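The numbers here are math on the coordinates, done by the rules we state, and not lab data. If you're wondering where the values come from, they're calculated on a predicted model, not measured in any experiment. Please note: Cβ atoms are built from the backbone with ideal geometry, for glycine as well, and neighbour counts cover all protein chains shown.
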Ligand code: SF4
Ligand code: SF4
Ligand code: FES
């Protein structure tokens, strides 16, 4: 089956900016051929200068992440014919949210800096180094250990797209690997650092990282565990934790989210004033029902019962 590959390329060749252009290659695709094999065939038979990263060809090394028909994928783990039949196209581009260096090769320096920032190794104390890793303790960090550092999650991250300083899902999944380890001795300090600006609370929970991770690491799940652990550890003096408390309060009191009151509780009075134009815009689009127009829901006592039941269960658990 002859398939047309459209590849977004760029060649800095001494220039500062790498100007992108599209090039078409026709490839005779066989059953079972992967996108990586197709790229190797193109490099072999049509253009030896076509540049891309690869190594293991077995979805282990994480080198060959790129955009295939608009989403981050491993080229060695994506078969050409099923992909083409599903999407009706074969558009290959460099990984999003990463600066292209040449053709499909992108700059991974920011990725590694973010990983570095979360101190990607255990820092036990004398006491915690003797902790026994039970099967249950191992299960808590198991998924985060599957990461192959491919960057597919960061490539699809909405928060990273608007804020390049956002720590991003790959580093956050790695952070849980150590915060969640019973042998770690500095979890509280780590959680405080992760709660700073551009940290774990800046994730908007779009789920893209979990959806597109080829190793099922579920980065969003690891982020939720970090957040929950931070709140339990009393790391509450930051907008993210205040927002969670404001949400819970609002639902308990009126059975729905009171966005205006939540903004004041999350950001404080002065910073909230700057949000008024944005709030009015949200209101115009029906995204911020005003509490005096939509008061407390009917049967609020049913909501309160859920909270009471939850608080009872929590007390029982704590003994
Ligand atoms: S869920 Fe959060 S971390 Fe994951 S891709 Fe979306 S914004 Fe990024
Ligand atoms: S979490 Fe998944 S998508 Fe992200 S770098 Fe690790 S393996 Fe790749
Ligand atoms: S070549 Fe190693 S993950 Fe694709």
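Points to keep in mind about this one:
- Gaussian network model of the chain, Cα within-10 Å springs - most flexible of 169, 82, 94: 82
- Highest-fluctuation residue, 57, 256, 284 considered, GNM on the chain with Cα pairs under 10 Å: 284
- Distance from the stretch 67-127 to the stretch 220-287 (C-alpha centre basis), Å: 31
- In terms of surrounding Cβ atoms within a 10 Å radius of their Cβ, 285, 186 rank from fewest to most as 285, 186.
- Remark: C-alpha extents of the stretch 109-232 on the principal axes read 42, 28, 28 Å, sorted largest to smallest.
- Among 258, 116, 107, 181, the ranking by other beta carbons within 10 Å of each residue's beta carbon, starting with the fewest, stands as 116, 107, 181, 258.
- If you plug the beta carbon distance of residue 71 and residue 119 into 1/(1 + (r/R0)^6) with R0 = 41 Å, you get a FRET efficiency near 0.85.
- Taken as Cα centroids, the stretch 295-319 and the stretch 149-213 sit 31 Å apart, rounded to the nearest whole angstrom.
- Segment residue 302..residue 44, full-extension length gain: 86.1 nm, with 0.36 nm per residue of separation and the alpha-carbon distance subtracted.
- Dividing the helix sum by the residues of the chain, where each DSSP H run of 4 or more adds -39500 (n - 2.57), gives a mean residue ellipticity at 222 nm of -12500 deg cm²/dmol.
- Between the beta carbons of residue 6 and residue 206, assuming R0 = 30 Å, the FRET efficiency works out to 0.65 to the nearest 0.05.
- Neighbour counts of other Cβ atoms within 10 Å put 109, 119, 263 in the fewest-to-most order 109, 119, 263.
- Inter-label distance for residue 198 and residue 28, nm, one decimal - labels placed 7 Å from Cα along Cα-to-Cβ: 5.1
- For the pair residue 236 and residue 281 in one chain, pulling the backbone fully straight at 0.36 nm per residue adds 13.3 nm over the alpha carbon distance.
- With the highest mean first, a sort of the peptides 199-207, 275-283 on other beta-carbon atoms found within 10 angstrom per residue produces 199-207, 275-283.
- Looking at the stretch 1-126 alone, DSSP beta bridges between its own residues are antiparallel in about 90 percent of cases.
- Within the listed set 30, 302, 83, the Gaussian network model of the chain (springs between alpha-carbon atoms below 10 Å) gives the highest mean-square fluctuation for 302.
- The DSSP beta bridges internal to the chain are antiparallel in roughly 90% of cases.
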